[in-house]
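The structure under discussion appears below in the form of structure tokens.
No lab work stands behind these numbers, since they all come straight from the coordinates. Everything quoted here is computed from the prediction, not taken from an experiment. Backbone-built Cβ (ideal geometry, glycine too); neighbour counts: all protein chains shown.
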Amino acid sequence: MRRKIMAGNWKMNKNIVEAADLASKLKNSLSDVKDKEIVVCPTSICLQSVSNALADSLIGVGAQNLHWEESGAFTGEISAPMIKSAGCTYVIIGHSERRQYFGETDETVSKKLKAALKHHLVPIVCVGETLDEREKNQAFAVIEKQVKGALSSIEEKDLKTLVIAYEPVWAIGTGKTATPEQAQEVHAFIRTLLPKSIANETRILYGGSVKPDNAKILMEKPDIDGALVGGAALKVEDFEKIVKY
Ligand code: PGA
């Protein structure tokens, strides 16, 4: 049985005080949830304050990005050991906004994945097609390239903690969700791309306009193992309803 992961991607929202406040409220409202893994991913500047606010809770903290080197002359970047030192256990890699606006490629995703695994951060690797690619019937080819590109040159035995998030770009922040059937089809396809030894255990999350009113029908699909939630993760009541769908 794959344990569901309900993750909030806070993106570039909340300052240090606001992020700690949101985290404390979530700690209270989600304290009774024991059957799922819950994760929040604030901006890097808030990682420590959010980790502090969530001490003694079951909610994990993740970064939204990392650099593959451990230290050095890479102005503006943060590394896996730094993320760990701020109390994190997860990291999002290759989010479509990073691919779209910050030049993230399958190659950099792969390097970042390797670094995350080396430092025992649970990686949440994002893949997904644009609307144009879906309309041209290229969704599966794009996703295959992204998944294989991310995993290239990483040994199977090192991939045991891998988490993938399928986030169709056309569903992110648009209020348009993939139908449960569309999502299930892609999730099942992604599972076929994974090495056999990990395919059945790997959690594949769905992301893209997950809301309190659609979480349940998505999460009931056999290959959907959780959610990566953007906008709705910033509201305590909404995220609570999604986690407890
Ligand atoms: P959304 O974002 O829930 O606001 O669509 C999801 C994501 O980008 O992870």
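Observations on the structure shown:
- Of all residues in segment 17-33, those that are surrounded by 16 or more Cβ atoms within 10 Å (Cβ to Cβ) have Cβ atoms under 6 Å from Cβ atoms of residues that are not in a helix (DSSP H, G or I), 6 or more apart or on another chain, in 19/42; 23/54; 27/54; 27/57; 30/38.
- Selection of segment 1-23 for residues being within 16 Å of the ligand (Cβ to nearest atom), aliphatic (A, V, I, L, M), outside any strand (DSSP E or B) and over 17 Å from residue 87 (Cβ atoms) yields only 12.
- Positions within segment 55-77 being in contact with a strand residue (DSSP E or B) (Cβ under 7 Å, 6 or more places away or on another chain) and surrounded by fewer than 19 Cβ atoms within 10 Å (Cβ to Cβ), in sequence order: 58, 69, 70, 71, 74, 77
- Helices (runs of 4 or more DSSP H) contained entirely in segment 127-245, each with at least 3 residues that are in contact with an Asp or Glu (Cβ under 8 Å, 6 or more places away or on another chain) and more than 14 Å from the ligand (Cβ to nearest atom): 139-151, 180-193
- Filter result for the condition that a residue is surrounded by 17 or more Cβ atoms within 10 Å (Cβ to Cβ) and among the charged types (D, E, K, R), over 213, 223: 223
- Residue count for segment 24-47, restricted to those that are under 18 Å from residue 234 (Cβ atoms) and in a loop (DSSP other than H, G, I, E, B): 3
- Cβ-Cβ contacts under 6 Å between residues 6 or more apart (or on different chains), taken from a first residue in segment 98-112 that is polar (S, T, N, Q) to a second residue that is in a loop (DSSP other than H, G, I, E, B), are listed as 110/152.
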